[in-house]
1. Being of a type in the set (Gly, Ala, Ser), part of a strand (DSSP E or B), more than 23 Å from B:Thr181 (Cβ to Cβ) and in contact (Cβ under 8 Å) with a residue 12 or more places away in the chain, is that true of even one residue in region A:241-260?
2. Could you grab me the full set of residues in region B:110-131 that are basic (Lys, Arg) and surrounded by 15 or more Cβ atoms within 10 Å (Cβ to Cβ)?
3. Taking A:Pro108, is it within 29 Å of A:Ala220 (Cβ to Cβ), touching a residue at least 40 places away in the same chain (Cβ under 8 Å) and touching a Cys at 6+ places or on another chain (Cβ under 6 Å)?
4. Here are some conditions: (1) in contact with an Asp or Glu (Cβ under 6 Å, 6 or more places away or on another chain); (2) of a type in the set (S, T, N, Q); (3) over 30 Å from A:Ser155 (Cβ atoms). A:Gln106 meets all but one. Which one does it not meet?
5. Kindly indicate whether any position in region A:45-61 is acidic (Asp, Glu), away from chain B (no Cβ under 14 Å) and within 18 Å of A:Leu217 (Cα to Cα).
6. Kindly provide the set of residues from region A:252-278 that are more than 7 Å from every other protein chain (Cβ to nearest Cβ) and under 13 Å from B:Met259 (Cα atoms), ordered by number.
7. Can you name the helices (runs of 4 or more DSSP H) wholly within region A:141-232 that have at least 3 residues being within 13 Å of another protein chain (Cβ to nearest Cβ) and under 20 Å from A:Asn113 (Cα atoms)?
8. On the basis of being in contact with a helix residue (DSSP H, G or I) (Cβ under 6 Å, 6 or more places away or on another chain), of a type in the set (A, V, I, L, M, F, W, C) and in a helix (DSSP H, G or I), does B:Ala164 make the cut?
Amino acid sequence: MSNENSEEKPLLQVRDLSVTYEARRGAFIKRSEFIHAVKRVSFEARKGTTLGLVGESGSGKSTIGKAILRLAPIESGSIKYDGQELTGLDESAFLPYRKRIQTIFQDPYASMNPRHSIASIVAEPLKVHAPEMGKQDRKDRVAELLEKVGLRADSMNRYPHQFSGGQRQRICVARALSSKPEFIICDECVSALDVSVQAQIVNLLQDLQDELGITYLFIAHDLAVVEHICDEALVMELGEIVEQGPTDRLYRSPEHPYTQSLLDAVPKMPTLVGSDQI
Amino acid sequence: MLLDVQDLTVSFHSRDGVNEAVRGISFGLEKGKTLAIVGESGSGKSVTSMALTKLLPPKPMCQVSGVARLGGKSLLDLPEKEMRSVRGKGIAYIFQEPSTSLNPYYTVGSQIAEALKYHRDDVSDIGKEVVRLLDQVGIRDPENRAKDYPHQMSGGMKQRVMIAIALACQPSILVADEPTTALDVTIEAQIINLLRDLRQRLDMSIILITHNFGIVDGFADDIAVMFRGEIVEAGPAEKVLVDPEHPYAQALIKCIPKMGAKRERLPVVDYSKLEAG
C-alpha cells in the first residue's frame, strides 16, 4: 500500500510535540503532579500510507492520537496538517479538521450510544459536518456506507446490542467514513477483536485505503498486525519515540533495545513457524 | 484421567427460545498436562469451563447435561455445599480482565488471604503465605506490595495477583480464561512464561481458553477447537497445529497475522461455506 510519490509534502507533520497532564493529589493539601505523557515527539505521515505507532500501555501512543484531535492538553510543539498549523486554532477554525480527521477506537461496545439506532450513529458526523444535507440524502449515504463496510443497508434500523463485536467495529468504521475524511486515527481498533474478526477488519481497512486513498495512523501493541498493515512505524517508550523507520527495516534489524524486546515478546509459535500452515 | 467430560451439553432458556451454547462435547485432561480450548467469541468455550463448577445461572434458565468427572467425583450433580470445595481446590479460575475480578476496596494481600482462609486449614501464618504466593508469581518486594490496592498495580501485576489467588487454593486444575487478552504483548509473554514455569514446578494441569492460536503453540499439549458449541477438531498440539483436518481449524490458524509475512490480504474464515458443509 505504499505510495510511489514519496516526494510530496507529508499530510501530517508533528514537531516537538509535548503533552503534559496535571494530576491533583492529596485529600486536604492539594498538590499538583505533572505527568509528561508525550515528550518532544516528531514524525510525519505521508498521504495514502499507514503509519504505525507501537508501544506498551502508558507509552503515550494514544495521547498522540488524542492530541491531534485536541482531546489532550498540548504543552508545546506544532502539529501541521496539510500545511496548516493546528495548534492555536480556535474551535470554529478547527471544525473543518474534525471532518477531515476521524478516529476509530478500541472498544466497539463503549464507543456507540446504546439508545441510538445505527442510522443515527452513522449519520451523527453528517449532522455536524454537512447540516445542509436533506433527510433522504442522509439516509442514502448511511445505506451506502453500511454496504461499503460489508453490512446490509437495512441494519440502519437496528440498535448496537443486536450486533456482534466485529459488526460493531464495522459500524464504527462506517461512522468514521461518513464525513469523507482523509485521515483516520485507528486507536487499537482491532485489539479487542477475535483473531478471525481482526483479519476481516484489517482487510476492510486496507480495501478502503486502496479505494479512497485514506491515510491511517494505526496505534497498536500487536507487532504482527502492525507489520502487516503499516508502511512505516514509530516505536514509543515512556512518552518518547525511541525508533522509527520503514516496518521492513524496523522488524529486520531493530536498532533500539526496546524495539528488540518488543519483538522478542511476540509469541514464537515454534510448531506453526516452519510448518506449511504459514 | 484427572478430568473426564462426556457429552456435555449446556443450553440457555429465555423468552426468545432455547440457545444451545455447548452441544454434546467430550474431552479429557491428564494430570500435569495442558489443554487449550480454542474458538472465537460465542463458540461456547467459556461456558464449557464454567459449567464444570456450576458457575452458570441455575435451572430453569440454564440446563446442563452430560457427565464430568474430576478425580472420580461426578461434578454435574454435586450438591452446592460440596461444590464449594471443588471450586478453588479442584478447579480454580483466572479470567480475562484482572481489574474487574479484584475488589477495589481491599488490598491485594487481603484478597489472597481470603482464599487461604476458606480453602486452606493447614496454613497457620496466613500473612507469611500471602507473601510467599506473591513471590511465587514473580512480584518484587512482596511484603510491601501485599498492602497495595488494585489501582496501584499495573494490568500485568493484577493478573499475577489473580494467579496467586488461584494458586492459594492449590488447585488440581487451573482454568485460564483468556488470561492475556487484555494485556500488552510484552506482559502477555511474561504471564505465559509464568504459567509455564508454575505448571512445571507445581505439577498442575491447565485448561487454557483462548481465541489466539499464537499463544497456544509451544504451550499446550492438547488442543480442542470449538465452533458453534461443538468440538470440531481435537488432538495433540503438533497434530492440530500442523495438520488440521476441519476447515474451521484451518481457517483460524491461517488468519493469524504472522511476523515476516508481507502485506497481503489476511485469509478470513468463510462462515457460509462452514455452515453449508
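What follows is calculated from the coordinates using simple rules that are stated; it is not laboratory data. None of these values were measured; they are calculated from a predicted model. No Cβ is skipped: glycine too gets one built from the backbone with ideal geometry, and neighbour counts run over all protein chains shown.
1. Yes: region A:241-260 contains one or more residues that are of a type in the set (Gly, Ala, Ser), part of a strand (DSSP E or B), more than 23 Å from B:Thr181 (Cβ to Cβ) and in contact (Cβ under 8 Å) with a residue 12 or more places away in the chain.
2. Going residue by residue through region B:110-131, those that are basic (Lys, Arg) are B:117, B:120, B:128.
Answer for region B:110-131, where residues must be basic (Lys, Arg) and surrounded by 15 or more Cβ atoms within 10 Å (Cβ to Cβ): just B:Arg120.
3. Taking the combined requirement at face value, the residue satisfies it.
4. (3)
5. no
6. The answer is A:Arg252, A:Leu263, A:Asp264, A:Val273, A:Gly274.
7. Details: elements: A:165-177, A:195-212, A:223-229.
Result: A:165-177.
8. Working: in contact with a helix residue (DSSP H, G or I) (Cβ under 6 Å, 6 or more places away or on another chain): yes; of a type in the set (A, V, I, L, M, F, W, C): yes; in a helix (DSSP H, G or I): yes.
The answer is yes for B:Ala164.
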